[in-house]
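Report on one structure; see the data block that follows.
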Amino acid sequence: MTNDSPGIAAPKGKRWKRSRSVVLTYAPPALVVIATIGLWELLIHLLDVPTYLLAPPSLIAETIGERAPELWSHSGVTLRETLVGFAFAVGAGLAFGLFLHFSTIARRALYPLLIASQSIPTVVLAPVFVLLLGFGMWPKVAIVGLFCFFPVVVGTIDGLAGVDPEYIRMMLTLDASRFGIFRRVEFPSALPQIFTGTRVGATYAAIGAVFGEWAGSEAGLGWQMIQAKGRLDTALVFADIVFITAMALSLFGLVSLVERLTIPWARRGGVMK
Amino acid sequence: MTSRPTETPTDAVPATASAIEIRGVRHDFGDVVALAGIDFAVARHERLGIVGPSGCGKSTLLSAIAGLLEPVEGTITIDEARSANERLARCALMPQRDLLLPWRTALANAAIALENRGVSRRQARDRARPLFERFGLAEFEERMPSQLSGGMRQRVAFLRTLMAEKDILLLDEPFAALDSITRAGMQEWLLGALAQEPRTVIFVTHDVDEALLLTNRLIVMSARPGRIVRTIQTDLRRDAPRREVVTSPEFAALKEIALEALEL
């Protein structure tokens, strides 16, 4: 050990490099957002756009501040619909994906129909669900569920089908049963794709609930939006949009966090393929 | 958890009997004849090498012996067992790629065969741990595969195969993906490990030097259809250092015979 200074300098350099890369990752999009908001504000004032046509960001912020209790309580309604629907979709999607994986006959019969069913715009079913299930939470849960179900099923089936057959051969010579192979190889290696499907579902979930509320409801951010629109309260419409977006992003972030904690190995380039 | 019967029939069979007998094996994939007229026997604790050009059906033959596929014609008998499932219960296969599961530590990867047989996680790991110590992998137990070098990963993969507690090890080009220096180290390591844990080994490779160094007997195969063109007795004295063995006249002579059989 003649020269230990690199040993001390290296971590410092690394840390600096890391914080630099964090800045390089987040700063550009953040700047674009800030610039867009600034430009929006500026243009409205310069062009003298009436606020009932397009509300400036300052007014939206003011509205959020003034009507926070109302916004939060409607958020609660929408959030519950979103989470319940999402939970159903993940549970049912996983179960159905596993069922199709294990039953060749069911897969042959149902998988093409499942894919084909995606050409039906789920949104148009919202009024049907309202007619069937009333104005409460359940028609929204049904819409959210339908929105999120498909990506979870597809992620599960594709993930399980994509397992390298060499692993299965190896496991067979190591005395693994069918279930042992599923539990120790197939399911864990399908998890990254299952999470990808779930993340896609998470981005749809809140929008699904809002669609459901538009079709008929008595509360929720979607309901509040419709009411605000009728009164030409454009700032409140935007405030609702801000809340809906925040909700979608939070759910996405939550799923990503769970993913990171559950399958840390998938990030280290250890994914099997 | 279902577990297969795992009795090792080592004591039931006299030591002189062949562990593996292959008679008139032929296998086709569609119109392609992958293997034809394969006949040989492997004695208990023999190390048999199979060398041949790519596409000569080496891997197909290993799969057939392992019981992963049933040949179209002929019989493969392992200690009286003939059916594919019975063979599967008696062989452990080590493939070219280490196929370590990236979400399991080295130790948990090595212990997986025990878990497959219904041993609890903790017990399986406790039983695998002494092997890490014995085979120069101490301190690496808790590493993830992504934190191990290629040679280390291959060692863990070999321990996993050993932990299956099968008498027959089928090694399918296990070192093909390693650089030549790592590979030389691995060959010595493997010989050492097999001296401690004797097994009946079939070693498939496309490297003649490796085959000569690691086996007692070498089968040379031709491509399409895969046939045995030559059997070579390769028992080299392994008490000298590797560099002396590979530069000895006997080694050169055996290599010449093998290369001639390979038409190289």
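The values are calculated or read from the model by the stated rules, or taken from the named source; none is laboratory data. Remember, it's a predicted structure, so these values are computed and weren't measured experimentally. Cβ coordinates were reconstructed from backbone atoms using ideal geometry, including for glycine residues, and neighbour counts include every protein chain displayed.
General remarks:
- Counting only helices (runs of 4 or more DSSP H) wholly contained in segment A:1-109, the ones carrying 3 or more residues that are farther than 23 Å from residue A:244 by Cβ and modelled with pLDDT under 95 occupy A:5-47, A:68-102.
- Across segment B:116-146, the number of residues qualifying as more than 22 Å from the chain's Cα centre (by Cα) and facing another protein chain (nearest Cβ under 10 Å) comes to 3.
- Hits in segment B:195-208 - residues which are over 30 Å from residue B:30 (Cβ atoms) and surrounded by fewer than 18 Cβ atoms within 10 Å (Cβ to Cβ): B:195, B:196, B:197, B:198
- Residue under evaluation residue A:231, criteria (1) away from chain B (no Cβ under 14 Å); (2) touching a helix residue (DSSP H, G or I) at 6+ places or on another chain (Cβ under 9 Å), criterion not met: (2)
- Qualifying position, being surrounded by fewer than 21 Cβ atoms within 10 Å (Cβ to Cβ), within 14 Å of another protein chain (Cβ to nearest Cβ) and not in a loop (DSSP other than H, G, I, E, B), among B:70, B:86: B:86
- Residue that is away from chain B (no Cβ under 14 Å) and without any contact (Cβ under 8 Å) to a residue 24 or more places away in the chain, where the choices are A:214, A:223, A:138: A:138
- Test result for residue A:163, within 14 Å of another protein chain (Cβ to nearest Cβ) and modelled with pLDDT of 90 or more: yes
- Single unsatisfied condition, residue A:121 versus (1) assigned by TED's automatic domain parsing to the domain that holds residue A:227; (2) closer than 24 Å to residue A:245 by Cβ; (3) surrounded by 14 or more Cβ atoms within 10 Å (Cβ to Cβ): (3)
- Selection status of residue B:224, surrounded by fewer than 17 Cβ atoms within 10 Å (Cβ to Cβ) and farther than 25 Å from residue B:89 by Cα: yes
- The numbered conditions (1) surrounded by fewer than 15 Cβ atoms within 10 Å (Cβ to Cβ); (2) modelled with pLDDT of 90 or more; (3) under 30 Å from residue B:169 (Cα atoms) are all true for residue A:257 except (3).
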